[in-house]
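Every number in this text was worked out from the coordinates using simple rules, so none of it is lab data. No experiment lies behind these values; they were computed from the predicted model shown. When we count neighbours, we look across all protein chains shown, and the Cβ atoms used for this are built from the backbone with ideal geometry, even at glycine.
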Amino acid sequence: MITLRIIGVLYLLSGLWCVANPDVSSQFLGMTLSQQGLAEFIAVYGGLQVGIAVAMLGSTFNAQFVPGALYFALLVSAGLFVFRLIGIVLHGAYEGLLMMAVLEGVFVVALLKSYLKRRDVSL
């Protein structure tokens with residue numbers, strides 16, 4: 001449960017940062033957005049991350065939900081990691097993007113270990 005809580009809090013903070021300061025957070029990700037783009041950025045980068053965070057954090061209060069939440073969080077984080085790597089390979093990288101990829105890779109490993117431990121499977 002601690003893994004879900006830590007990663008959930010990080011998703012929550014990231015999502016809230018994207019909502020509270022979309023100009024700076026979008027520039028950190030290498031984006032320059034119009035007013036309409038800012039609205040979409042807030043919805044996707046803010047709202048989606050906050051929603052994922054709430055799902056992760058909320059599931060930790062019911063032990064029956066934890067295995068499914070770990071699996072869900074693992075798949076979401078792995079998808080972000082893989083497609084960020086694809087983007088880096090196809091379009092290049094900069095410090096912020098590489099940092100995000102490393103963090104997502106850490107999430108994937110931590111979630112996989114937690115999921116397998118819950119299922120009592122050794123890695």
Check: So, in nm, how far is label Val24 from label Ile86 when the simple model puts each one 7 Å beyond its Cα toward the Cβ?
Finding: 3.2
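For each of Thr3, Thr60, Thr32, count neighbouring Cβ atoms within 10 Å of the residue's Cβ, then give the residues from fewest to most.
Working: Thr3 22, Thr60 17, Thr32 8.
Sorted ascending by nearby Cβ count, the order is Thr32, Thr60, Thr3.
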Check: Can you give the angle from 0 to 90° between the axis of helix 2-20 and the longest principal axis of the chain, with both taken from C-alpha atoms, to the nearest 10?
Finding: 20
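Take the alpha-carbon positions of segment 2-118, form their convex hull, and give its projected area averaged over all directions (one quarter of the hull surface) in nm². List each step's numbers first, then the result.
Numbers: hull surface 28.4 nm².
With every direction weighted equally, the projected area is 7.1 nm².
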Checklist line | Top of Gln36, Gln64, Gln49 by mean-square fluctuation, Gaussian network on the chain, Cα under 10 Å | finding: Gln36
Next item on the list: Quickly estimate the mean residue ellipticity at 222 nm for the chain, helices only: each DSSP H run with n ≥ 4 gives -39500 (n - 2.57), and the total goes over all residues, rounded to 500.
Entry: -25000 deg cm²/dmol
Note to self: Springs between alpha-carbon pairs under 10 angstrom, Gaussian network model over the chain: which of Ala53, Ala73, Ala43 fluctuates most?
What the structure shows: Ala43
